[in-house]
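Student: Can you keep this structure in mind? I'll have questions shortly.
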Amino acid sequence: MNKRKMGIFVACAVYFFGVGCCSAVAAEYVMKFAHDHMMNSPYQKSSEWIKKEIETKSGGRIAVEIYPAQQLGNNREMIEAMQMGTIEAVLVPTTKYSGFDPKMNIFDMPYLFPNEKALWAMLEGEVGEMAKAGLPNIGIYGVQYFAEGWHFLTANKELRHPNDMKGLKMRSMEAPIVMDTFSAWGANPVPIDFSEVYNSLQQRVVDGHENPIISIHDMKFFEVQKYMIQIQHAYLSYFLAYSKKWYDSLPEDLQKVVWQAGLDGAQYHKGLMEEANKAYLKDIIDFGTQVIYLSDEEKQPWIDAVQPLYDKYRNMFGDDLLNLALETAAKYR
């Protein structure tokens, strides 16, 4: 096989792994699309759906290359590359933007969303728009928020009241609001990298942690924790964003194609995520992990304990954004 044929073979092989596309050679523009989930995740399927939409509706003028599982770097590195224009699209959790624009931190606030209707009213409404409004100033266009799921607490004992958390070492992301939430419940937050969580739980370096169902399932955390407790304190949403430098370089007709594909892809993803979470939860229950859902009455002490955080972080978000979020929540409570 000569070098030219070998090159074509390799390019096509890359496509079948979801990373590249043979049509990239003929395309006027290339969109490198990076995310942090695995190849078999709803995020990969949604990325492939968006890829197909963009390539089809652009008439092949844009080729989309998908890079899953942090192939292009960790979340912070992907966002920084997007700012520079070396990655064109990134899909990662909203909380990963905390070091880039503090207003994006608002979605980490405990019990901000009383239910899923309030959640989407905020994310897809004026609150979501205000939260991402500053991103163009740092080279990013925020497109849309993507579904993942409510966080569960995990532990080797039942957690029904904040008093049950006292003295427990709970793994936390290195995010101030998340750590302060655990502290408000009497636990000791311990920041540990995501890749080390399983071993830390197994070896009892920490007593528990929080994560949505997909992470608990895919990383097998349920194998080393007896209980999953749903206190509905936080929802993990993902965020699709485009490089401003790249997007601004597109002609207007292609900008519309790329933007609409992102918006429609977020809606497509909701259905995938809902079905996936049902299947993940069944696997966890079948394994023998006990899943506990607290009643509204049982949740109240947890809610009361974190209310001081709203005063502490008000200046970070500003009165307009925080008040609008709380007013929206009240409409759906």
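The values are calculated or read from the model by the stated rules, or taken from the named source; none is laboratory data. Remember, it's a predicted structure, so these values are computed and weren't measured experimentally. Please note: Cβ atoms are built from the backbone with ideal geometry, for glycine as well, and neighbour counts cover all protein chains shown.
Student: Return a yes/no flag: does segment 213-228 have any residue that is under 13 Å from residue 151 (Cα atoms) and of a type in the set (Ser, Thr, Tyr).
Tutor: Here is the first cut: in segment 213-228, the residues under 13 Å from residue 151 (Cα atoms) are 213-217, 228.
Imposing the further condition that a residue be of a type in the set (Ser, Thr, Tyr) reduces the set to 215.
Yes, because at least one residue in segment 213-228 is under 13 Å from residue 151 (Cα atoms) and of a type in the set (Ser, Thr, Tyr).
Student: I'd like to know if segment 208-216 contains one or more residues that are more than 18 Å from residue 108 (Cβ to Cβ), in contact with a Leu (Cβ under 8 Å, 6 or more places away or on another chain), β-branched (Val, Ile, Thr) and crowded, with 23+ Cβ neighbours inside 10 Å.
Tutor: Yes: segment 208-216 contains one or more residues that are more than 18 Å from residue 108 (Cβ to Cβ), in contact with a Leu (Cβ under 8 Å, 6 or more places away or on another chain), β-branched (Val, Ile, Thr) and crowded, with 23+ Cβ neighbours inside 10 Å.
Student: Still on this structure: Take the residues of segment 71-117 that are basic (Lys, Arg) and under 14 Å from residue 176 (Cα atoms): which is nearest to the chain's Cα centre (by Cα)?
Tutor: Going through segment 71-117, the residues basic (Lys, Arg) turn out to be 76, 96, 103, 117.
From what is left, the residues that are under 14 Å from residue 176 (Cα atoms) are 96, 103.
Numbers: 96: 8, 103: 16 Å.
Taking the candidates together, the pick is 96.
Student: Of all residues being among the basic types (Lys, Arg) and outside any loop (DSSP other than H, G, I, E, B) in segment 56-81, which is modelled with the lowest pLDDT? Just the residue, please. Before the answer, list the steps.
Tutor: Taking segment 56-81 and keeping what is among the basic types (Lys, Arg), we get 57, 61, 76.
Going one step further and asking which of them are outside any loop (DSSP other than H, G, I, E, B), we end up with 57, 76.
Numbers: 57: 98, 76: 95.
Going through the qualifying residues, I end up with 76.
Student: Of the residues that sit in segment 169-190 and are surrounded by fewer than 21 Cβ atoms within 10 Å (Cβ to Cβ) and modelled with pLDDT of 95 or more, which one is farthest from residue 300 (Cα to Cα)?
Tutor: Quick first cut of segment 169-190, residues surrounded by fewer than 21 Cβ atoms within 10 Å (Cβ to Cβ) only: 169, 174-176, 179-180, 183-184, 186, 188, 190.
Checking which are modelled with pLDDT of 95 or more leaves us with 169, 179-180, 183-184, 186, 188, 190.
Numbers: 169: 22, 179: 20, 180: 18, 183: 17, 184: 14, 186: 16, 188: 21, 190: 25 Å.
Looking at the filtered set, the residue picked out is 190.
Student: State yes or no: is residue 85 touching a residue at least 40 places away in the same chain (Cβ under 8 Å), surrounded by fewer than 23 Cβ atoms within 10 Å (Cβ to Cβ) and at positive phi? Step through it out loud before you land on a result.
Tutor: Working: touching a residue at least 40 places away in the same chain (Cβ under 8 Å): yes; surrounded by fewer than 23 Cβ atoms within 10 Å (Cβ to Cβ): yes; at positive phi: yes.
Judged against the criteria, residue 85 is a match.
Student: Checking residue 152 against (1) without any contact (Cβ under 8 Å) to a residue 60 or more places away in the chain; (2) assigned to a strand (DSSP E or B): exactly one of these is not met. Which one?
Tutor: With respect to (1) without any contact (Cβ under 8 Å) to a residue 60 or more places away in the chain; (2) assigned to a strand (DSSP E or B), residue 152 is out only on (1).
Student: Here is a list: 193, 180. Which entry is acidic (Asp, Glu) and under 19 Å from the mean Cα position of the chain (by Cα)? Outline the logic, then answer.
Tutor: Numbers: 180 fails: under 19 Å from the mean Cα position of the chain (by Cα).
Going through 193, 180 in turn, the sole match is 193.
Student: List pairs: first in segment 53-77 and without any contact (Cβ under 8 Å) to a residue 40 or more places away in the chain, second surrounded by fewer than 17 Cβ atoms within 10 Å (Cβ to Cβ) and among the hydrophobic types (A, V, I, L, M, F, W, C), Cβ under 6 Å, 6+ apart or cross-chain?
Tutor: Pairs that qualify, where the first residue is without any contact (Cβ under 8 Å) to a residue 40 or more places away in the chain and the partner is surrounded by fewer than 17 Cβ atoms within 10 Å (Cβ to Cβ) and among the hydrophobic types (A, V, I, L, M, F, W, C), are 69/38.
Student: Follow-up question, since we're still on this one. Could you pull out the residue among 200, 215, 249, 243 that is hydroxyl-bearing (Ser, Thr, Tyr) and in contact with a Gly (Cβ under 7 Å, 6 or more places away or on another chain)? Break it down stepwise before answering.
Tutor: On the way: 200 fails: in contact with a Gly (Cβ under 7 Å, 6 or more places away or on another chain); 215 fails: in contact with a Gly (Cβ under 7 Å, 6 or more places away or on another chain); 249 fails: in contact with a Gly (Cβ under 7 Å, 6 or more places away or on another chain).
The conditions single out 243.
Student: Moving to a separate point now. For segment 227-333, please list each of the helices (runs of 4 or more DSSP H) lying entirely inside it that holds at least 2 residues being among the hydrophobic types (A, V, I, L, M, F, W, C) and touching an Asp or Glu at 6+ places or on another chain (Cβ under 9 Å).
Tutor: Working: elements: 244-249, 252-287, 296-306, 308-312, 314-317, 319-332.
Here the list reads 252-287.
Student: Taking segment 196-209, which residues are more than 20 Å from the chain's Cα centre (by Cα) and part of a helix (DSSP H, G or I)?
Tutor: Initially, segment 196-209 is screened for residues more than 20 Å from the chain's Cα centre (by Cα), giving 199-208.
199, 200, 201, 202 - these are the residues of segment 196-209 that are more than 20 Å from the chain's Cα centre (by Cα) and part of a helix (DSSP H, G or I).
Student: Here's something else I'd like to know. Kindly check whether there is at least one residue in segment 298-316 that is among the small types (Gly, Ala, Ser) and surrounded by 18 or more Cβ atoms within 10 Å (Cβ to Cβ).
Tutor: Step one: of segment 298-316, the residues among the small types (Gly, Ala, Ser) are 305.
With surrounded by 18 or more Cβ atoms within 10 Å (Cβ to Cβ) added as a condition, the list becomes 305.
Yes, some residue in segment 298-316 is among the small types (Gly, Ala, Ser) and surrounded by 18 or more Cβ atoms within 10 Å (Cβ to Cβ).
Student: In segment 82-95, is there at least one residue being assigned to a helix (DSSP H, G or I), farther than 17 Å from residue 266 by Cα and touching a Lys or Arg at 6+ places or on another chain (Cβ under 7 Å)?
Tutor: The answer is no, given that none of the residues of segment 82-95 is assigned to a helix (DSSP H, G or I), farther than 17 Å from residue 266 by Cα and touching a Lys or Arg at 6+ places or on another chain (Cβ under 7 Å).
A quick yes/no check of all residues on (1) of a type in the set (A, V, I, L, M); (2) over 23 Å from residue 216 (Cβ atoms); (3) surrounded by fewer than 23 Cβ atoms within 10 Å (Cβ to Cβ); (4) in contact with a Ser or Thr (Cβ under 9 Å, 6 or more places away or on another chain):
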residue	(1), (2), (3), (4)
43	no, no, no, no
124	no, yes, yes, no
139	no, yes, yes, yes
150	no, no, yes, no
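Student: Can you tell me which condition residue 155 does not meet? The list is (1) of a type in the set (A, V, I, L, M); (2) crowded, with 20+ Cβ neighbours inside 10 Å; (3) closer than 23 Å to residue 247 by Cβ, and all the others hold.
Tutor: (3)
Student: Say whether the condition of being touching a residue at least 60 places away in the same chain (Cβ under 8 Å), assigned to a helix (DSSP H, G or I) and of a type in the set (A, V, I, L, M) is met by at least one residue in segment 140-147.
Tutor: The first filter runs over segment 140-147 and keeps only residues touching a residue at least 60 places away in the same chain (Cβ under 8 Å), leaving 140-147.
Remaining after also requiring assigned to a helix (DSSP H, G or I): none.
No; the residues of segment 140-147 include none that is touching a residue at least 60 places away in the same chain (Cβ under 8 Å), assigned to a helix (DSSP H, G or I) and of a type in the set (A, V, I, L, M).
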